[in-house]
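Each remark here refers to the structure printed beneath this line.
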């Protein structure tokens with residue numbers, strides 16, 4: 001019988017304790033300044049959220065070529081200059097290809113050098129000797145033919161033998177003409193078309209060497225602008241693609257920060273670029289930062305920077321407005337979410 005009354009009493013006591021705990025938690029949250037909602041600074045306000053970004057926007061630096069990172073030269077928070085190396089990819093294959101193409105270039109240059117110095121001095125004496133031998137043979141054939149004519153007149157040889165001696169003389173004449181023509185060709189050296197082809201082959205080989213050098217240089221990923229390294233997402237030995245996600249390095253110029261504000265599509269008609277605007281940090285709503293209008297991104301897009309509110313629409317369309325953030329000595333981080341308030345003078 002006692003348990004019949006004790007159990008309900010304990011249940012009521014536990015329920016009362018739970019309700020008291022919830023009430024006290026809500027009171028503590030209401031008294032916590034960091035959780036209190038920001039106050040609207042204008043009588044009529046367009047409220048929006050914004051994400052802090054670098055003045056140059058957050059640049060996702062990608063590699064022009066896929067490969068494996070062998071050296072990562074920067075760390076998050078480091079200041080870098082424009083064109084400073086950020087990371088280096090494996091270049092062994094391209095360096096081997098460069099050696100092959102340099103060898104082809106050397107071959108093409110040697111061929112041009114050979115053509116430029118034709119004829120070689122040692123080639124001239126054999127050619128002259130060939131001409132002398134052809135002339136001597138022709139003299140011999142002429143003498144043999146003259147003897148044949150005398151013998152033919154005396155009917156000592158038949159007509160066909162005389163014809164044979166005449167043909168042998170003509171062959172000797174042609175051999176002499178050929179030897180003299182080859183000597184003239186040798187002394188003329190390489191022709192202009194041959195030299196032009198040699199020069200073209202050198203130009204082609206040089207271009208191929210330069211192509212490999214360019215590819216080698218592209219394996220060193222460099223900073224496109226001066227700024228701060230915001231994030232490094234690659235380590236030595238990891239693969240890097242042409243369109244990696246996340247990018248290997250994110251950087252931006254952070255001496256002046258911008259806020260990218262997502263203005264709801266329904267508020268666009270009431271927005272004026274010259275209207276005063278301020279921003280507050282999440283967790284410190286009483287400290288306001290002045291905003292200076294920079295530009296409007298003219299394309300209305302799907303909202304991507306979500307606040308995490310359960311009532312927030314994920315299919316909302318927004319106009320992105322860029323403001324310069326006046327820090328006033330306060331520390332603000334890139335990627336930090338801020339509440340933005342823009343004065344609305346429209347009814």
Q.
Output needed: percent of Cα pairs per 10 Å distance bin for the range 129-246, bins running from 0 to the one holding the longest distance.
A. 10, 17, 13, 10, 9, 8, 8, 8, 7, 6, 3, 0
Q) So if R0 is 22 Å, what FRET efficiency would residue 331 and residue 75 give, r being the distance between their Cβ atoms, rounded to the nearest 0.05? A) 0.70
Q: Grab the Cα-Cα distance for residue 268 and residue 214, subtract it from 0.36 nm times how many residues apart they are, and report the gain in nm with one decimal.
A: 14.7 nm
(Q) Per-residue counts of other Cβ atoms within 10 Å, averaged by peptide: what ranking do you get for 157-167, 118-128, highest first? (A) 157-167, 118-128
Q) Percent relative contact order of the range 97-215, based on C-alpha pairs within less than 8 angstrom and at least six residues apart? A) 51 percent
Q: Determine, from the Cβ-Cβ distance of residue 194 and residue 146 and an R0 of 25 Å, the FRET efficiency 1/(1 + (r/R0)^6), rounded to the nearest 0.05.
A: 0.05
Q.
Only counting other Cβ atoms within 10 Å, I'd like 168, 338 sorted with the fewest neighbours first.
A. 168, 338
Q. If you find the alpha carbon centre of the range 243-269 and of the range 92-162, how far apart are they in angstrom?
A. 78 Å
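Read the figures in this text as sums done on the coordinates, not as results from a lab. Quick caveat: nothing in here was measured; it's all calculated off a predicted structure. FYI the Cβ positions are ideal-geometry reconstructions off the backbone, even for glycines, and counts take in every protein chain you see.
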